[in-house]
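S.K.: Shown below is the structure under consideration.
The values are calculated or read from the model by the stated rules, or taken from the named source; none is laboratory data. Worth saying up front: this structure is predicted, and the values here are computed from it rather than measured. Ideal geometry is used to build each Cβ from the backbone, glycine not excepted, and the neighbour counts take in all protein chains shown. Heavy atoms of the whole protein, side chains included, go into the accessibility calculation; ligands, DNA and RNA do not. Shrake-Rupley method; radii C 1.70, N 1.55, O 1.52, S 1.80 Å.
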Amino acid sequence: MNRIKVLLENLRRGVVTEQYPFKPIRVPERLRGKPVIDPDKCAGCGACVNACPPNALTMRDDKHSSMRFIVLFIGRCIYCGKCEEACPFGAIRLTREFELAAENREDLYQVVGLRLYHCPLCGEPFTTVRLIKRVVEALPEEQRAAATLCPRCRESVTAHYRSYARR
Amino acid sequence: MVWLNTLYGVLNACFILLVGPLIDGVERKIRARLQNRRGPSILQTWYDLVKLLRKPAARTGVPSTLFRLSVYIGFVNLLIVSLFIPSILCGGMGFFGDLILFIYLLSSSKVFVLIGSYSSGSPYASIGSTREVSLSMASELVLAEIIALIALSRSSLLLSNVFPVTAVLRPSVLIGLGVLGIIVYIEHSRLPFEIGEAEPELAGGYTIEYAGRDLGFILWSNTIRRTLLTTFLIDLIIPLDVLYHLVIYPVLLFSIMIVFTAIETGWGRLRIDISLKYVKRLSYVMWGVILLALIGY
Amino acid sequence: MRSSGINQVRPRNKYELMIDLRRFGEPRLRGKYLFLSRIKSGRLRDLVDYLHWRLGGYYSTSIGVDERPLDGYFHVYHVFVLEEYGVYVLVDLIADPGHPVVESITPVVPAANWAEREIMDFIGVKFRGHPEPHRLILPDDWPENVYPLRKDYPYDDKLPTSDKIAKLVRESSPATWEPEAPGDHTVIPVGPYHPALHEPEYFELFVEGEKIVDARYKGFMVHRGIEKIAESRLSYNQVSFIAERICGICGFTHSTAYCQAVEEAAGIDVPERAEYIRSILLEIERIHSHFLWMGVAFHLLGYDTGFMIMWRLRESIMDLAEELTGSRKMYGANIVGGIRDKWDIRDDKAALIKRMLDEIREEYLKYIPKIISLEEIKKRTRGVGVLSRSDARKYSVLGPHARASGIKTDVRKYRPYAAYKYVNVEIPVLDDGDIYARMIVRHEEILASIDLIHRLLDNIPKTPLHADTSYIPERRHGIGCTEAPRGEDLHFVITGRDNKLYRWRPRAPTYNNLLSVPAMLRGEYLADAPIIIASIDPCFSCTDHVVVVDLRSGRRRPLRTRGVVGGR
């Protein structure tokens, strides 16, 4: 009788379900779980914000307090890992954490605040202090001065260099 | 002695009321293990019942009196049966009840719920109860044949006289008991004959319009009905003896239920037309058995 | 075979086909796309009849595009697949913006019913001679003359508040349409929420006792507006993630179809290794989907033990997917031009896949022959829910559903994509057309897929994982087709500027398969309705997928008045 054989085969295999909420469960090495921003590494460049398909990552400049906020809202996250791929500083990573239920909506946010950098010529904020530092460090000596200017001022200042270059 | 019999009856009824849902809990555990699952606690059916019984019964529209009362009439019917059927204690209300009353109360308890459900007007409820009624009509015919056989064998319709039927060991009685086992299984509405509720097809069928306390009583009644039917089968087999009933009866009760569960786990659901065919075949078998009894075997 | 009119000879290849089609309009061949524009007046239905019924092609879908910003017209593309010639024939109809009406092809090809109505809803092009020119997708209280997929409709537009909607509706007074019930029968509603359907859909069954007399389907209750979002806000590489989320079961096949469509349009060559990895993941997804279907089928037949066994096996497949991609279902591997770096399948992973698949196959084969030989399973599936071969052609059904009705079709075999170009794909075809045949087709496919993954893993080449995609030209048409677990999955794109799509339309196989369900239900037992509906492995979320709809309706009215596919 086939129907009995099926049940016997089942009995041979024994219980397979887990006692999950009462006992922890194994997750694989590369599980794509909750993304976390390392506030020490983040420079506020916004690469992750551009890459994020569902707008879980957003960026807001607050001129009043002179701060840039990178806001991560887990409620919208689809765990695709595009942000991790895009981040030039390895500041945002997907962890293996997957138990993300929260009692308050606020618990689903992570906000990183970074000081805005103002252009020394026009005084307009255009990037963060940390990012400009890293850019300057990475550049050769002679290009550093231009890099500290906002794009518009840089254009007017470096216009004559470029006119040379064209020739 | 009347008061002692009354006490026995009350104790028996309490036993049936308590043990019905417990058996269901055990069955759920067994079924889970046969499907590689851990399964819920064996008290789970009781937890469900307690929760349901504490909830108000939400009824849609303007429910008819029939709809509201039928569940409770059915429950009381079963309660009466459990008073006079010997279960854990060998005794009862002096066995004034006879076989016909037993069958009448048991089946009417179901019919009341089905009529009440039908009166709700929900298409699922009406299809579910129609299916259930046609199946139990068919199986009740077989049951009547079995009663006739028992009455023939023991020349009486009094419960106190027919228990246990095994006192006369004839081939016809043995076959009759076998058929009764199958009928009890069908009346339990177990797969493949669980077609009145049919969750994936009818979303609960005849129970669909009931909620809260009403639903709780339906579920409780179902476990009680199952226990009573099995009790009846056991009563026909084991001697009317205090010790037998105190020790052998519960063991048999649980083992029959577990065997039934195991069988059920191996089956899918049959369609109403196919399942009626099966029951019809059983009724033909029973006519043969009655003939056998008439000529003295 | 005879063709209509003067031309008696059947064209032998796509070039002859192109010349042949000159009598209907102006053909233009670009790779595997045969555009046919400027259809001669009054010849459209002859053309469609010729393509669908005589040349052995089949109608796949129709797409409406608002191309007014580009050339001043609305366009309607009817896509026909001619596997024998290896081409897609795109019948390109243009509609004048002032009076957007084109001729309907539904009277010739009933499969076009929904696609044409969808275009009426979203683009506002009317179809002359359509048998049921009623709303399909937009809700009842959506105002007339507002067409959400037109380019002048902003993607972030919020529907007006309920008062305003009521006013708009009152002013425009759209004609409500209630289909006639066939005679005086009991109506059994199945849905919008029903244990047999795992998504919100609505079937109306007309029954006599336990026999089904007729059936109707009303759907499209879960639109999310992703087409509009993709066309308005997302970049090429972001769309592949939203495409994956069209469906929770066949997501990867959607994202692959989307990426292929863009790659086709832009002429990007995907590196071989990426093609192999795509195919491997697609097959894993197929196995997963078929296990899931088997489980659901057994559950609907009341055999819960079988359901538990199949879903246990499915759990192992999902564990495998999780090891490979980091997620049980949303693999997230696809980008336009290939596969993301982290999703590479290295040798250690390959060994793991092989080991796990062998275990799964062994366990599966221990159970399945016993289960499908059970009496009640056989009795309730054999000869039940039969779809004849001609009906299957009429509704253009796809995938296992078509293969169980004797139609030899499989995108993997006849229009190979990804790594299916390099390996032989075996496709099971049965002629019975009943639920049992559909079960057996899927059963064979599980085994074939496991086999296929083994062969793919043995031959996986060492190449880069993605191609350069920095340049994607504008205004190119592309079609990406994959064989989803449920049938041909078609994504149509027109590329745009600013790293964005101009038009994207996904068409899931259930869109075509669902049309055949009422035909299968007629004359069956009510008890069998759930398994018949489920036997096409319907995926309602795939089918719905579109348009920004906010159901904050001002009025309480059941969603019943429109959006109905008729009985006969």
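S.K.: Working only within segment A:1-33, note down all residues that are within 18 Å of B:Ile258 (Cβ to Cβ), open to solvent by 50 Å² or more (accessible area, probe 1.4 Å) and not in a loop (DSSP other than H, G, I, E, B).
M.R.: Listed by number, the residues that qualify are A:Ile4, A:Leu8, A:Leu11.
S.K.: Does C:Gly326 satisfy being touching a residue at least 24 places away in the same chain (Cβ under 8 Å) and at positive phi?
M.R.: no
Table: residues versus (1) under 22 Å from C:Ser62 (Cα atoms); (2) within 14 Å of chain B (Cβ to nearest Cβ); (3) open to solvent by less than 10 Å² (accessible area, probe 1.4 Å); (4) of a type in the set (D, E, K, R).
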position	(1), (2), (3), (4)
C:Leu465	no, no, no, no
C:Glu474	yes, no, no, yes
C:Thr482	yes, no, yes, no
C:Val493	yes, no, yes, no
C:Asp498	no, no, no, yes
C:Pro506	yes, no, yes, no
C:Leu514	yes, no, yes, no
C:Val517	yes, no, yes, no
C:Asp528	no, yes, yes, yes
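S.K.: Select, from C:Tyr367, C:Tyr331, the only residue that is aromatic (Phe, Trp, Tyr), at the interface with chain A (Cβ under 8 Å from one of its Cβ atoms) and open to solvent by less than 10 Å² (accessible area, probe 1.4 Å).
M.R.: None of the others qualify; the one that does is C:Tyr367.
S.K.: When A:His64 is evaluated against the numbered criteria (1) open to solvent by less than 20 Å² (accessible area, probe 1.4 Å); (2) away from every other protein chain (no Cβ under 14 Å); (3) without any contact (Cβ under 8 Å) to a residue 24 or more places away in the chain, which criterion, by number, is the only one it fails?
M.R.: Of (1) open to solvent by less than 20 Å² (accessible area, probe 1.4 Å); (2) away from every other protein chain (no Cβ under 14 Å); (3) without any contact (Cβ under 8 Å) to a residue 24 or more places away in the chain, only one is false for A:His64: (1).
S.K.: Kindly evaluate C:Ala274 against the criterion of being open to solvent by 10 Å² or more (accessible area, probe 1.4 Å), at pLDDT 90 or above and more than 14 Å from every other protein chain (Cβ to nearest Cβ).
M.R.: Details: open to solvent by 10 Å² or more (accessible area, probe 1.4 Å): no; at pLDDT 90 or above: yes; more than 14 Å from every other protein chain (Cβ to nearest Cβ): yes.
It is false that C:Ala274 is open to solvent by 10 Å² or more (accessible area, probe 1.4 Å), at pLDDT 90 or above and more than 14 Å from every other protein chain (Cβ to nearest Cβ).
S.K.: Quick check on C:Lys413: is it in contact (Cβ under 8 Å) with a residue 12 or more places away in the chain, within 14 Å of chain A (Cβ to nearest Cβ), open to solvent by 10 Å² or more (accessible area, probe 1.4 Å) and not in a loop (DSSP other than H, G, I, E, B)?
M.R.: No.
S.K.: Does A:Gly123 satisfy the condition of being without any contact (Cβ under 8 Å) to a residue 24 or more places away in the chain, of a type in the set (Gly, Ala, Ser) and open to solvent by less than 90 Å² (accessible area, probe 1.4 Å)?
M.R.: On the way: without any contact (Cβ under 8 Å) to a residue 24 or more places away in the chain: yes; of a type in the set (Gly, Ala, Ser): yes; open to solvent by less than 90 Å² (accessible area, probe 1.4 Å): yes.
Criteria met by A:Gly123.
S.K.: Out of segment A:41-55, which residues are assigned to a loop (DSSP other than H, G, I, E, B) and either free of Cβ contacts under 8 Å to residues at least 24 places away in the same chain or among the basic types (Lys, Arg) (or both)?
M.R.: First, pick out the residues of segment A:41-55 that are assigned to a loop (DSSP other than H, G, I, E, B): A:41-46, A:52-55.
Within segment A:41-55, A:Lys41, A:Asn55 qualify.
S.K.: What is the one condition in (1) assigned to a helix (DSSP H, G or I); (2) more than 14 Å from chain C (Cβ to nearest Cβ) that B:Ile274 does not satisfy?
M.R.: For B:Ile274, the exception is condition (2).
S.K.: Please enumerate the residues belonging to segment B:64-99 that are of a type in the set (A, V, I, L, M, F, W, C) and modelled with pLDDT under 80. Lay out the reasoning, then the answer.
M.R.: Taking segment B:64-99 and keeping what is of a type in the set (A, V, I, L, M, F, W, C), we get B:66-67, B:69, B:71, B:73, B:75-76, B:78-81, B:83-85, B:88-90, B:93, B:95-96, B:99.
If the condition is that a residue be of a type in the set (A, V, I, L, M, F, W, C) and modelled with pLDDT under 80, then B:Cys90, B:Met93, B:Phe95, B:Phe96 are the ones that fit.
S.K.: For A:Asn55, state whether it is within 8 Å of another protein chain (Cβ to nearest Cβ) and more than 10 Å from the chain's Cα centre (by Cα).
M.R.: The answer is no for A:Asn55.
S.K.: Sticking with this structure for a sec: What do you reckon, is B:Arg213 closer than 30 Å to B:Ser70 by Cβ, touching a residue at least 12 places away in the same chain (Cβ under 8 Å) and more than 14 Å from every other protein chain (Cβ to nearest Cβ)?
M.R.: Values: closer than 30 Å to B:Ser70 by Cβ: yes; touching a residue at least 12 places away in the same chain (Cβ under 8 Å): yes; more than 14 Å from every other protein chain (Cβ to nearest Cβ): yes.
Considered against the rule, which asks whether it is closer than 30 Å to B:Ser70 by Cβ, touching a residue at least 12 places away in the same chain (Cβ under 8 Å) and more than 14 Å from every other protein chain (Cβ to nearest Cβ), B:Arg213 comes out as yes.
S.K.: What are the residue pairs meeting all of these: first residue in segment C:446-464, first residue more than 15 Å from C:Arg361 (Cα to Cα) and in contact (Cβ under 8 Å) with a residue 40 or more places away in the chain, second residue open to solvent by less than 40 Å² (accessible area, probe 1.4 Å) and of a type in the set (Phe, Trp, Tyr), Cβ atoms under 6 Å, and 6 or more apart or on different chains?
M.R.: As it stands, the answer is C:Leu456/C:Tyr276; C:Ile460/C:Tyr276, since those pairs meet every condition given.
S.K.: Considering only segment A:79-129, how many residues are within 14 Å of chain C (Cβ to nearest Cβ) and not in a loop (DSSP other than H, G, I, E, B)?
M.R.: Counting residues in segment A:79-129 that are within 14 Å of chain C (Cβ to nearest Cβ) and not in a loop (DSSP other than H, G, I, E, B) gives 7.
S.K.: Being within 20 Å of B:Arg269 (Cα to Cα), surrounded by fewer than 23 Cβ atoms within 10 Å (Cβ to Cβ) and within 13 Å of chain C (Cβ to nearest Cβ) is the requirement here; does B:Ile208 meet it?
M.R.: It is true that B:Ile208 is within 20 Å of B:Arg269 (Cα to Cα), surrounded by fewer than 23 Cβ atoms within 10 Å (Cβ to Cβ) and within 13 Å of chain C (Cβ to nearest Cβ).
S.K.: Which of the residues belonging to segment A:92-106 are surrounded by 12 or more Cβ atoms within 10 Å (Cβ to Cβ) and not hydrophobic (A, V, I, L, M, F, W, C)?
M.R.: Within segment A:92-106, A:Arg93, A:Arg96, A:Glu97 meet the criteria.
S.K.: Among the residues of segment B:10-50, what is the count of those that are touching a residue at least 40 places away in the same chain (Cβ under 8 Å) and either more than 14 Å from every other protein chain (Cβ to nearest Cβ) or of a type in the set (Phe, Trp, Tyr) (or both)?
M.R.: So the count comes out to 16.
S.K.: Of the residues that sit in segment C:341-357 and are within 11 Å of another protein chain (Cβ to nearest Cβ) and out of contact with any Lys or Arg (no Cβ under 9 Å at 6 or more places or on another chain), which one is least open to solvent (accessible area, probe 1.4 Å)?
M.R.: C:Trp343
S.K.: Still on this model: Are any residues in segment C:184-241 open to solvent by 40 Å² or more (accessible area, probe 1.4 Å) and touching a Ser or Thr at 6+ places or on another chain (Cβ under 7 Å), and if so, which ones?
M.R.: Matches in segment C:184-241: C:Glu199, C:Val222.
S.K.: Would you point out the residue of segment C:242-264, among those that are within 13 Å of chain A (Cβ to nearest Cβ) and among the small types (Gly, Ala, Ser), that is surrounded by the fewest Cβ atoms within 10 Å (Cβ to Cβ)?
M.R.: Filtering first and then ranking leaves C:Gly248.
S.K.: Continuing with the same structure: Out of the residues in segment B:273-284 meeting the condition of being farther than 26 Å from A:Leu7 by Cβ and in contact with a helix residue (DSSP H, G or I) (Cβ under 6 Å, 6 or more places away or on another chain), tell me which one is least open to solvent (accessible area, probe 1.4 Å).
M.R.: B:Ser283
S.K.: I've got another one for you. Among (1) within 29 Å of C:Leu324 (Cβ to Cβ); (2) modelled with pLDDT under 90; (3) in contact with a helix residue (DSSP H, G or I) (Cβ under 8 Å, 6 or more places away or on another chain), which single condition is A:Arg3 missing?
M.R.: (1)
S.K.: For segment B:183-218, how many residues meet the condition of being within 12 Å of the chain's Cα centre (by Cα) and either of a type in the set (S, T, N, Q) or not in a loop (DSSP other than H, G, I, E, B) (or both)? Even if it seems obvious, please write down each step before you answer.
M.R.: Of segment B:183-218, the ones within 12 Å of the chain's Cα centre (by Cα) are B:183-190.
From what is left, the residues that are either of a type in the set (S, T, N, Q) or not in a loop (DSSP other than H, G, I, E, B) (or both) are B:183-187, B:189.
Total meeting the criteria: 6.
Okay, residues lined up against (1) crowded, with 16+ Cβ neighbours inside 10 Å; (2) within 27 Å of C:His254 (Cα to Cα); (3) modelled with pLDDT under 90; (4) assigned by TED's automatic domain parsing to the domain that holds C:Ala508:
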position	(1), (2), (3), (4)
C:Glu359	no, no, no, yes
C:Thr381	yes, no, no, yes
C:His401	yes, yes, no, yes
C:Tyr417	yes, yes, no, yes
C:Asp431	no, no, no, yes
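S.K.: A further question follows. Tell me, which residue of segment C:433-463 that is over 24 Å from the mean Cα position of the chain (by Cα) and among the charged types (D, E, K, R) is surrounded by the most Cβ atoms within 10 Å (Cβ to Cβ)?
M.R.: C:Asp451
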